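Data first, discussion second: the structure below is written as structure tokens.
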Amino acid sequence: MRSRKLRVALAALLGAVLTAPAAPAAPAGSGAQSRSNDARTPRQKPNRDPAAAIDLRAPTTLDLAVPADNAPLMRGQLPDPAPPVSAAANFGRPGARQPQPYPPRMRPNPKPFAPTTPLPPLEAYSRSYVAKKAARSRAATNPAPLARPPVTVAAPPVIPKRPKPKVEPNPYDPLGVTLGSVIFYPYVQASGGFDDNPNRLPPEYNPRPSAFIRGEGGVKVKSDWSRHSLQGELRGGYSDFVDYQKASRPDASGQVTARYDVTQDTAIDLLGKTSLDTTRPGAPALFTGQPQVYITNRPITLGVGVQAGPTQKFGRLALSLRGTYDRVWYQNGLYSDGGTLDLARSSYNDFGGLLRASYEATPDLIPFVEGTFDSRVHDFPTDFNGFYRDSKGYIIRGGAQINVSELVKGEVSGGYGQRDYQDPRLTPLRGPVIDAALIYTPSALTTVTLRGATSMNETTLAYASGALTQSITATLSHDLLRNLNITATGSYFTNNYQGTYVRERGANIGVKLEYKVTRTVSLRASYMRELLDSSYANADYTANVYLVGLRFQL
């Protein structure tokens with residue numbers, strides 16, 4: 001308490017000293033005395049005047065004048081416990097000082113070194129990926145402006161360069177006629193030529209050559225659907241022999257395949273086929289038994305067939321089940337003595353089924369196993385020789401669909417087949433069944449096709465159960481020019497009439513030339529030589545056929 005009062009008294013004394021008027025100046029002669037008085041000032045005793053004394057124990061009110069400017073505290077002075085209030089605008093008392101974080105903040109990393117003359121940035125070499133990408137980006141965002149001539153020069157008009165036309169791989173192929181989403185490729189062909197053995201007679205019968213005129217027409221069908229599929233081809237022709245009308249004959253063939261996709265893994269397959277051909281008069285099946293009597297016409301054989309059934313996929317495994325039906329008609333033959341050979345009674349119906357299982361080992365290799373069973377029922381129980389021709393048969397085969405780097409693709413299969421006849425005098429028709437269809441493309445201009453087929457055909461030859469026919473065909477096609485193609489073909493076949501001694505071997509060799517004038521018009525020429533060697537009497541023949549024609553297609 002006493003220390004507090006002492007501090008208050010000292011403060012009052014200091015204020016009185018600061019506010020006291022200045023002392024008059026001392027005379028000039030008293031400079032030394034003044035200096036001595038000034039020096040003794042701190043040592044003078046306090047004033048003992050009672051009137052001037054201050055009672056420190058009694059409360060006293062002092063008039064203190066606040067200086068205009070806050071004077072700094074002198075050494076040894078104590079701060080005023082109640083500092084004077086400033087007359088300036090008050091924005092609030094200063095907030096409490098926040099404590100410093102502990103541990104103290106870390107100093108930031110030193111500023112990276114920056115030389116006064118930095119090196120130029122690195123640039124990628126012109127062939128690098130970074131440089132090419134940057135060039136493409138600059139070209140896309142900032143296209144180069146067209147160079148403008150000075151104002152005083154007339155600027156010629158800028159004509160953009162015409163883009164080069166696209167080169168079509170097959171500029172002479174037909175474009176077809178589009179109906180909806182189906183494309184049709186129709187064509188008509190007219191030809192004329194010469195045949196030195198129109199009826200394929202043996203030399204003993206003195207075959208008569210003849211010039212002939214041939215007309216042919218057909219159409220190809222191809223769908224353009226995202227789902228389902230439709231493809232087919234049908235052609236028909238007629239050869240009119242000017243010098244030998246009895247040898248004139250028609251021919252036709254066609255096949256249509258369709259697929260209806262029920263779901264992604266389920267589809268329904270449809271197949272339709274037809275064929276029309278004639279039988280040569282010297283065939284063993286038309287033998288009359290009389291050397292002086294022979295067939296003068298060419299009996300027509302017409303066949304149609306249909307297959308239908310579902311295909312179900314289980315991952316890579318696919319199962320196909322189809323029902324089959326075929327109908328075959330035969331035309332009667334005419335004897336040279338005016339009689340008739342009743343071949344129509346041999347017409348028959350063929351009912352059967354097909355089961356196929358395939359597994360996709362790889363996209364280029366799909367092995368499969370296939371089995372067929374059918375039953376043939378003829379319109380009459382016996383043929384004109386008195387044999388019961390109704391039969392049942394089966395074929396079991398296995399193979400694979402292959403695709404070797406787009407060079408070789410196709411299908412190869414092999415198996416065994418047998419057909420049993422109702423007549424006990426007819427031995428079963430049996431043998432290996434080999435089929436193949438391979439396409440080899442060594443270059444864009446050359447294509448090699450290899451086909452092999454085996455079939456079990458009906459016959460009316462006495463004591464022969466049927467004819468096991470095996471054939472192989474090779475075709476070489478080469479484009480000499482973009483619109484000039486040459487094709488060489490050769491085939492070899494055998495006919496084995498089981499139950500008899502009759503065996504036949506034959507071959508066909510030919511060459512074709514096609515010159516495409518435009519997409520619509522083309523010129524064709526061909527030569528074909530046919531050979532047959534038969535163990536049956538008076539059945540061998542040779543023939544040479546020359547043909548030149550004009551083809552129109554869309």
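The values are calculated or read from the model by the stated rules, or taken from the named source; none is laboratory data. Bear in mind the structure is a predicted one, so any value in this text is a computation, not a measurement. Counting neighbours? That spans all protein chains shown, and the Cβs are built from the backbone with ideal geometry, glycine included. When the accessible area is computed, the model is the full protein with side chains, heavy atoms only, and any ligands, DNA or RNA have been set aside. Shrake-Rupley method; radii C 1.70, N 1.55, O 1.52, S 1.80 Å.
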Once Lys and Arg are counted +1 and Asp and Glu -1 for all other residues with Cβ under 9 Å from that of residue 248, the total becomes +2
Looks like region 173-327, by Cα gyration tensor root eigenvalues a ≥ b ≥ c and the a/c under 1.5 rounded cutoff (else prolate when a/b is bigger than b/c, oblate otherwise), is oblate
Zone residues, region 171-198, relative to residue 260, backbone N less than 19 Å from point 7 Å out along Cα-to-Cβ
181-182
In nanometres, the difference between 0.36 nm per residue of separation and the alpha-carbon distance of residue 379 and residue 329 is 17.0 nm
Simple label model, 7 Å out from Cα along Cβ direction - residue 196 to residue 453, nm:
2.8
Simple spin-label estimate for residue 292 and residue 240 in nanometres, 7 Å along Cα-Cβ
3.6
At a probe size of 1.4 Å, how large is the accessible area of residue 225, to the nearest 10 Å²?
100
Proximal lysines relative to residue 516, as straight alpha-carbon distance under 20 Å, when same-chain residues fewer than 8 apart are discounted:
220
Heavy-atom SASA rank of 456, 528 (probe 1.4 Å, accessible area, largest first)
528, 456
Could you work out how much longer the chain between residue 441 and residue 119 gets when fully extended? Use 0.36 nm per residue separation minus the Cα distance between them, nm to one decimal.
109.8 nm
With every protein chain kept in the model, how would you rank 411, 514 by accessible area, 1.4 Å probe, largest at the top?
411, 514
Enter the accessible area of residue 306 (Å², nearest 10), with the probe set to 1.4 Å and all protein chains included.
70
Looks like region 467-554, by Cα gyration tensor root eigenvalues a ≥ b ≥ c and the a/c under 1.5 rounded cutoff (else prolate when a/b is bigger than b/c, oblate otherwise), is prolate
Taking only protein heavy atoms and a 1.4 Å probe, the highest-to-lowest accessible-area order of 394, 541 is 394, 541
Work out how much length residue 509 to residue 425 would gain on full extension: take 0.36 nm times their residue separation and subtract the Cα-Cα distance, in nm to one decimal.
26.4 nm
What nm distance separates the two modelled labels at residue 369 and residue 253, each placed 7 Å from Cα along Cα→Cβ?
3.2
